[in-house]
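See structure below.
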Amino acid sequence: MILSDKKILEEIKKGTIVITPFNRNSLGSNSYDVHLGKHLAVYHDEILDAKKHNTVHHFEIPKEGIILVPSKLYLGVTEEYTETHAHVPFLEGKSSIGRLGIDIHATAGKGDVGFCNTWTLEISVRQPVRVYAGMPIGQLIYFTVDGDIEISYNKKKNAKYNKRTIRPVESMMWKNFKK
């Protein structure tokens with residue numbers, strides 16, 4: 001089941017959901033709108049290798065915005081830091097963003113119970129489009145969990161995305177190949 005606006009507010013009061021900064025106007029009937037942070041990144045190399053640490057170049061979105069182009073993968077980040085201790089968060093693009101031809105995630109729309117961080121966005125566009133820091137970019141939807149969690153994400157020793165950051169994080173797939 002998806003949490004309603006009232007239930008999300010209850011869970012925030014209980015501390016099982018944390019959203020910082022929180023803006024009541026961003027709360028929908030059953031979701032919370034997240035916003036594009038000021039930091040973006042692109043990979044240095046044109047050809048990426050899943051077994052290697054592919055490094056990125058970080059930069060800030062200027063006040064006048066930045067034009068994203070179809071030939072690049074951009075890593076963005078949400079302004080909001082979130083914690084989810086009892087629910088499964090899903091990040092989906094807003095329909096207004098989709099209608100501009102912007103995809104905000106390639107495959108990583110689901111978080112885990114215990115995910116505590118900003119959300120890295122895998123941004124691609126269908127045609128050139130100007131984006132701005134602070135614009136609504138997606139929405140978080142929270143699902144209930146059936147059963148107890150053995151180990152939450154923030155307590156897993158092999159979790160690759162636990163380090164708190166305000167910048168997008170590149171793929172850590174290469175860590176799966178280290179023995």
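Readers should treat all values here as calculations from the given coordinates under stated rules, not as data from a laboratory. Since the model is a prediction, treat every value here as computed from it, not as a measurement. Note that each Cβ is placed from the backbone with ideal geometry, even for glycine, and that neighbours are counted across all protein chains shown.
For the range 104-165 and the range 7-77, what is the separation of their C-alpha centers, rounded to whole Å? Comparing the Cα centres of the range 104-165 and the range 7-77, I get a distance of 8 Å. Sequentially through the range 60-73, phi angles give Karplus couplings (6.51, -1.76, 1.60; θ = phi - 60°) of 9, 6, x, 4, 7, x, 9, 8, 8, 10, x, 7, 10, 9 Hz, Gly and Pro residues having no value and appearing as x.
Express the relative contact order of the range 64-142 as a whole percentage, based on alpha carbon pairs under 8 Å and six or more residues apart in sequence.
Details: 152 pairs, mean separation 38.8, N = 79.
Here the relative contact order equals 49 percent.
Note: relative contact order over the chain, using C-alpha pairs below 8 Å and six or more positions apart, is 30 percent. Taking other Cβ atoms within 10 Å as a rough exposure proxy, 60, 11 sort from fewest to most as 60, 11. Mean projected area of the convex hull spanned by the Cα atoms of the range 73-148, taken over all viewing directions: 5.2 nm².
Phi angles across the range 151-165 convert, under the Karplus curve 6.51 cos²θ - 1.76 cosθ + 1.60 with θ = phi - 60°, into 3J(HN,Hα) values of 9, 6, 4, 5, 10, 6, 5, 9, 5, 8, 10, 8, 6, 5, 8 Hz, Gly and Pro given as x.
A cut-off of 5 Å between modelled amide H atoms, ignoring neighbours fewer than 5 places along the same chain, links residue 86 with 114.
Taking amide hydrogens as placed 1.01 Å from N in the peptide plane, the amide H of residue 35 sits under 5 Å from those of 79, 80, 137, each at least 5 positions away in sequence or on another chain.
The packing ranking, built from the mean of other Cβ atoms within 10 Å per residue, places the peptides 123-134, 34-45 in the order 34-45, 123-134, highest first.
For the range 90-179, the relative contact order works out to 36 percent when only alpha carbon pairs closer than 8 Å and six or more residues apart are counted.
According to the Cα-based calculation, Rg over Rh for the chain is 0.97, with Rh computed by the Kirkwood formula.
A cut-off of 5 Å between modelled amide H atoms, ignoring neighbours fewer than 5 places along the same chain, links residue 129 with 68. If the convex hull of the alpha-carbon atoms of the range 26-97 is projected onto planes in all directions, what is the mean projected area in square nanometres? Here the figure is 7.3 nm², rounded to one decimal.
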